[in-house]
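The values are calculated or read from the model by the stated rules, or taken from the named source; none is laboratory data. In this text the structure is predicted, and so the values were computed from the model without any measurement. As a convention, Cβ positions derive from the backbone with ideal geometry for all residues, glycine included, and neighbour counts pool all protein chains shown.
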């Protein structure tokens, strides 16, 4: 065999080994989304995401102006606490009770009337911008938003999006390696994956699949927390009406076409099984 042929053979074998190694890692990293039973890619250990979440959440709060409106703060804390308890019960009932310990819930209100948005980082680190409160109006309306955002978190959609990005951009390296070699880029990727940025031009919108899952799980969470899931139709219809040339920030990551609202209506009977006033 010539040197050229031998080198080609070695390169071919190496490519095959790398391919099957990555394939094995991907298969091993697959996890199941509660309720929908969909298999999702989660390459990043929860411990690393929780550590990064604590750091970035603290940073966001330091750089933001928190609301001093007692009514707003009490409402977000009140509704958030009920949604959090429902989420923990939901995980236990779904056979994922071991994950409950990962959540150290925090709910903060950021004073920004121009930003209609909310998000939930890993570990239950939640922020609600005052600009979304005119759309939610009541505790039940706020439960629609918080149920939806917490649903993204317990379904680990952010982990899935960040895993896909790391696989595509950095060759699937570990988060710890990425943070060490490209800390700024990796931290920015984390923030984008969880919708935590004011720059709407670079926000990563959730996929329709993720949105459908968050809608379905979120309705169940708000119902378990004692809020009527029917309010979700009113909220998303109003969001849809505002989706013109300058839509609310919430629609930049959570598009609301009419077909989505119709699908939400089909999820309500399932959620109503858990609803008690």
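General remarks:
- Failed condition for residue 67, given (1) in contact with a strand residue (DSSP E or B) (Cβ under 7 Å, 6 or more places away or on another chain); (2) at pLDDT 95 or above; (3) exposed (fewer than 14 other Cβ atoms within 10 Å of the Cβ): (3)
- For residue 123: the one exception among (1) surrounded by fewer than 24 Cβ atoms within 10 Å (Cβ to Cβ); (2) at pLDDT 90 or above; (3) touching a strand residue (DSSP E or B) at 6+ places or on another chain (Cβ under 8 Å): (3)
- Taken together, the residues in the stretch 94-104 that are within 20 Å of residue 223 (Cα to Cα) and surrounded by 14 or more Cβ atoms within 10 Å (Cβ to Cβ) amount to 3.
- Extreme residue, surrounded by the fewest Cβ atoms within 10 Å (Cβ to Cβ), among residues of the stretch 126-160 that are closer than 19 Å to residue 62 by Cα and without any contact (Cβ under 8 Å) to a residue 60 or more places away in the chain: 126
Residue by residue, here is whether (1) touching a strand residue (DSSP E or B) at 6+ places or on another chain (Cβ under 7 Å); (2) modelled with pLDDT under 90; (3) outside any helix (DSSP H, G or I) holds:
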| residue | (1), (2), (3) |
| --- | --- |
| 5 | no, yes, no |
| 10 | no, yes, no |
| 23 | no, yes, no |
| 34 | no, yes, yes |
| 48 | no, yes, no |
| 51 | no, no, no |
| 58 | no, no, no |
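- Positions within the stretch 85-107 being in contact with a helix residue (DSSP H, G or I) (Cβ under 6 Å, 6 or more places away or on another chain) and part of a strand (DSSP E or B), in sequence order: 107
- Qualifying residue in the stretch 74-85 (condition: touching a strand residue (DSSP E or B) at 6+ places or on another chain (Cβ under 7 Å) and either over 24 Å from residue 101 (Cβ atoms) or at pLDDT below 95 (or both)): no
- Within the stretch 130-222, helices (runs of 4 or more DSSP H) holding 2 or more residues that are within 22 Å of residue 84 (Cβ to Cβ), touching a strand residue (DSSP E or B) at 6+ places or on another chain (Cβ under 7 Å) and at pLDDT 70 or above: 139-154
- Selected residue [within 16 Å of residue 116 (Cβ to Cβ), modelled with pLDDT under 85 and within 19 Å of the chain's Cα centre (by Cα)] from 252, 245: 252
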